[in-house]
Amino acid sequence: MNYGEIKSFDIANGEGIRVSLFVSGCTHHCKNCFNKETWDFNFGKPFTKETEDSIIEMLSSDYIDGFSLLGGEPFEPQNQRALLPLLKRIKKEYPNKSIWCYTGYLFDDELLSESRARCECTDEMLSLIDVLVDGEFVQELYNITLAFRGSENQRIIDVQKSLESGEICNYTPMNGRIKI
């Protein structure tokens, strides 16, 4: 797997201050995607053990609230296989830091059901993610006032509550000040 960028201090892609990884490779090709260069699976740099160690170190600061995973597309099967060990390590070493993930795939219709996104890693990966922003970016539904998403069709899902209840549970912001 390759990645396009790592942000060590990100306040745009999830609540609080986060470390964010932008993976390469996406087959959605949304019109006016903000990160079009990451469609190419070969874009950027190889994701190595040293890259993983660097992310783990960035997460060590007390002021970092969590980790965000973006793309490209984290749920492309070849990316899931590379990301699963990282997510497991984050949850083990930082159990109180949240993991957010942005995907063009729909949680219920594509990640939990048979689709091109599903592979042997999907269920375990979902078990490690706290918040999922799902759905392709749709230019016609673009709304600059939305928190943590670009278009009105995208949902902010509390993954663990949703898995437990068997129905989609919207995420409730931790501090109550952010309107989602």
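The values are calculated or read from the model by the stated rules, or taken from the named source; none is laboratory data. Everything numeric here is computed off the predicted structure, so don't read it as measured data. As a convention, Cβ positions derive from the backbone with ideal geometry for all residues, glycine included, and neighbour counts pool all protein chains shown. Only protein heavy atoms, including side chains, enter the accessible area calculation; ligands, DNA and RNA are left aside. Shrake-Rupley method; radii C 1.70, N 1.55, O 1.52, S 1.80 Å.
How much net charge surrounds Cys33 when only the other residues with a Cβ under 13 Å from the Cβ of Cys33 are counted, with Lys and Arg +1 and Asp and Glu -1?
Working: positive: Lys31, Lys36; negative: Glu37, Asp40, Glu73, Glu136.
Neighbourhood net charge equals -2.
Note on segment 27-180: antiparallel DSSP beta bridges, both residues inside, total approximately 45 percent of the bridges counted. For Lys45, the aspartates and glutamates whose Cα falls under 16 Å of its own Cα, not counting residues fewer than eight places away in the same chain, are Glu5, Glu37, Asp53, Glu73.
Based on the Cα atoms of the chain, what semi-axes does the equivalent ellipsoid have, where each is the square root of 5 times one gyration tensor eigenvalue, given in whole Å with the largest first?
Semi-axes (√(5λ), whole Å): 21, 20, 17.
Note on Ser8/Glu50: beta-carbon distance plugged into 1/(1 + (r/R0)^6) with R0 of 22 Å gives a FRET efficiency of 0.90. A full extension of the chain between Phe34 and Arg81 corresponds to an added length of 14.5 nm, given 0.36 nm per residue minus the alpha carbon distance. When peptides 83-92, 125-134, 141-150, 16-25 are sorted by average Cβ neighbour count within 10 Å, with the highest value leading, the order is 16-25, 125-134, 83-92, 141-150. Given 25 °C and 0.890 mPa s, how large is the Stokes-Einstein diffusion coefficient of segment 1-58 in µm²/s, with Rh as the Kirkwood radius over Cα pairs? It comes out at roughly 200 µm²/s. Using a probe of 1.4 angstrom and keeping all protein chains present, the accessible surface of segment 100-157 works out to 44 square angstrom per residue. Identify the residues of segment 128-142 with backbone N under 15 Å of a label point that sits 7 angstrom from the Cα of Met174 along the Cα-to-Cβ direction, or state none. The answer is 129-132, whose backbone nitrogens lie closer than 15 Å to the label point.
What is the calculated FRET efficiency for Asn42 to Glu167, with r their C-beta to C-beta distance and R₀ = 41 Å, to the nearest 0.05? Computed FRET efficiency for Asn42 and Glu167 comes out at 0.60. Inverting the pair-averaged 1/r between distinct Cα atoms of segment 19-107 gives 13.6 Å as its Kirkwood hydrodynamic radius. At an R0 of 30 angstrom, the distance between the Cβ atoms of Tyr94 and Leu141 translates into a FRET efficiency of 0.30.
Charges only on Cβ, +1 for Lys and Arg, -1 for Asp and Glu: so what's the dipole of the chain about the Cα centre, in debye to the nearest 20? Don't skip to the end; give the middle numbers.
On the way: 19 positive and 29 negative charges, 68 e Å.
Result for the chain is approximately 320 debye, rounded to the nearest 20.
Applying a 10 Å radius around every beta-carbon, put 160-168, 1-9 in order of their mean neighbour count, most first. Before the final figure, lay out the partial values.
Working: 160-168: 13.0, 1-9: 17.7.
So the peptides 160-168, 1-9, ranked by packing, come out 1-9, 160-168.
Tell me, what % of the accessible area of the chain is carbon and sulfur with a 1.4 angstrom probe? All intermediate terms of the calculation are to be shown ahead of the outcome.
Numbers: 4490 of 8970 Å².
Answer for the chain is 50 percent, counting heavy atoms of protein chains only.
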